[in-house]
Amino acid sequence: MRISFHGAARTVTGSQHLIQVNGSKLLLECGLFQGRRKESYERNRNFPYDPTRVDAVILSHAHIDHSGNLPHLIKKGFRGPIYTTPATAHLANVMLMDSGHIHESDAAYANKKRRRGQATIEPLYTMQDAAEVAGYFRPVDYDQPFEAAPGVTTRLVDAGHILGSAAVALDIVEKGSKFRLWFSGDIGRRDLPLLRDPVLPEAVDYLIMECTYGDKAHRDPRLAYEELRQVVSATIERKGKVIVPAFAVGRAQELVFDLHQMMDKGEIPPIPVYVDSPLAVNVSDIFRAHPECFDDETREFIRNDRHKAALGFDHLVYTRSVEESKALNRRSDPMVIISASGMAESGRILHHLKNNIGDPRNTILIVSWQAPHTLGRRLADGERRVRIFGEEYVRRAEVATIGGFSAHAGQAMLLEYAQVTGGSLKGVFLVHGEPGPAEALRRGLAQLDLRQVYYPDLHEGMELR
Ligand SMILES: [Zn+2]
């Protein structure tokens, strides 16, 4: 078996790992790379393998850095099944449509600004391309073994990261040798709201694991609640707006859940919370359609009808049309606006930032990991002058970062994850992390006597047996 790391190698975004086994090609993830504009353009448009020769894809979860290049893979001729959980398929359909919409608007905007003689820019994919993906999903329930390729018995287990997220256990039989390869996907945390805890790997020979926060001890989620309360209260007192770059799915539900609780208990005054997204779908319906993903506590909670609304999702106001979105700019009352993209690289969030960044009453709230060179990272790093739509703006709005909302495992959980039971572990491959966190995790693993740890370079390949 050969594995090649074609994305999320020595960086966080663009997950893509290609497995060649028993004459088949199996792709783990097909994510979008997010970073410097020119590099992203090149990386996302050119696959380092022939998509028509890939037999199947296994998708761990719906986040765009794992799923976001699937429409393009199909555009380039992939025709096989995409195995994933039912909830991920459901969620990915919505997120990919949103992504298609963003690519279309970005291309339209760039073409409007185009100088005479410059070639027109085609979107990476359109909403219509994104809609095609639905026909390729083969939903498989958690813990149900299936043959993803000849000699590769595969199982999806709960990763506890977002709704429907999975780790992938691959039991491989090739030329008389037998071994288990385990791909972590993104590893969640214990006690996240709504979700079950991550399943830990068992009797694994080779482990591919994420290391986004390999250098961090996470803060307690209860601290995040208190920090959010303080940020929102202070902004309301200044009569400002809280602007949050985030996808309309996942983090938005957690934030609204917390904000709703705060308003309920009188900890903050009631203010409108907008999720500004062109998605024509109420994401709460997707959450409700997949109770199989909830932890026991949440199941108990929603069994009681009175609490159904209290899941918080009913208190989101979705602004779908551009007119509704623009109308928010003309309002000056305190409010929370959550809008994509999550790293402020594109989408409606750019308009909200442009309109609100110069006002010291406002707060730009960062609640998730920001890739290097993105606008989100520049803001999180406290830069005073930033470019939005090619123009320079001076930031007067406050910037607040709350780390406790992370859906990713911190260092302690990652170390626990790699302590695979059975003493069979022959090698660990660290992916989905920048060099600093990877190095910190490698040191931690060495202390546990785990020394066969690799940090593969982009496109690096290795033989496993
Ligand atoms: Zn993720």
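Values quoted throughout were computed directly from the atomic coordinates according to the rules given, and no laboratory measurement underlies them. These numbers come from a predicted model, not from an experiment. Positions of Cβ are generated from backbone atoms using ideal geometry, with glycine treated the same way; all protein chains shown enter the neighbour counts.
Percent relative contact order of the chain, based on C-alpha pairs within less than 8 angstrom and at least six residues apart? Relative contact order here is 20 percent.
Here the Karplus relation 6.51 cos²θ - 1.76 cosθ + 1.60, evaluated at θ = phi - 60°, turns the backbone of segment 42-53 into coupling constants of 5, 5, 6, 8, 10, 7, x, 9, 8, x, 6, 9 Hz, with x for every Gly and Pro.
Of Val54, Asn111, Asn44, which is farthest towards the positive pole of segment 43-171's charge dipole, taken about the Cα centre with +1 and -1 on the beta-carbons of Lys, Arg and Asp, Glu respectively? Value: Asn111.
Taking only C-alpha pairs under 8 Å that are 6+ residues apart, what is the relative contact order of segment 336-440 in percent? Can you show the working numbers first?
On the way: 111 pairs, mean separation 24.8, N = 105.
Over segment 336-440, the number comes to 24 percent.
So what are the ³J(HN,Hα) numbers for segment 181-186, from phi and the Karplus equation (6.51, -1.76, 1.60; θ = phi - 60°), rounded to whole Hz, Gly and Pro as x? Values per residue, Gly and Pro as x: 9, 10, 9, 6, x, 9 Hz.
Given charges of +1 on the Cβ of Lys and Arg and -1 on the Cβ of Asp and Glu, with all other atoms neutral, how large is the dipole of the chain about its Cα centre, in debye to the nearest 20?
Details: 58 positive and 59 negative charges, 346 e Å.
Here the size comes out at about 1660 debye.
Quick one: work out the % antiparallel among DSSP beta bridges in the chain, nearest 5. Kindly include the intermediate steps, with their values, before the conclusion.
On the way: 35 of 72 bridges.
So the antiparallel bridges in the chain amount to around 50 percent.
Excluding same-chain neighbours fewer than eight residues apart, the aspartates and glutamates reachable from Lys113 by a Cα-Cα span under 13 Å are Glu391.
With θ taken as phi - 60° and the Karplus curve 6.51 cos²θ - 1.76 cosθ + 1.60 applied, the whole-hertz 3J(HN,Hα) list for segment 291-296 is x, 4, 8, 7, 7, 4 Hz, x standing for glycine and proline. Summed over qualifying helices (DSSP H, 4 residues or more, each -39500 (n - 2.57)) and divided by its residue number, the chain shows a 222 nm mean residue ellipticity of -9000 deg cm²/dmol. Between amide H atoms placed 1.01 Å from N, distances below 5 Å from Val431 occur with Met209, Glu210, Cys211, all of them 5 or more places distant or on a separate chain. Residue pairs exceeding 27 angstrom between C-alpha atoms, taken from Lys76/Lys175; Lys25/Lys175; Lys38/Lys354; Lys239/Lys265; Lys76/Lys216: Lys76/Lys175; Lys76/Lys216. Farthest toward the positive end of the dipole of segment 128-266, out of Ala149, Pro201, His260, is the Cα of His260, where the dipole comes from beta carbon charges about the Cα centre. The long axis of helix 435-447 is offset from the longest Cα principal axis of the chain by roughly 50 degrees. If you bin all the Cα-Cα distances of segment 113-153 at 10 Å, starting from zero, the percentages per bin are 19, 26, 22, 16, 11, 6.
Normalized C-alpha radius of gyration of the chain, against 2.2 N^0.38 Å? Kindly include the intermediate steps, with their values, before the conclusion.
Numbers: Rg = 21.8 Å, N = 465, 2.2 N^0.38 = 22.7 Å.
With N residues counted in the chain, Rg over 2.2 N^0.38 Å equals 0.96.
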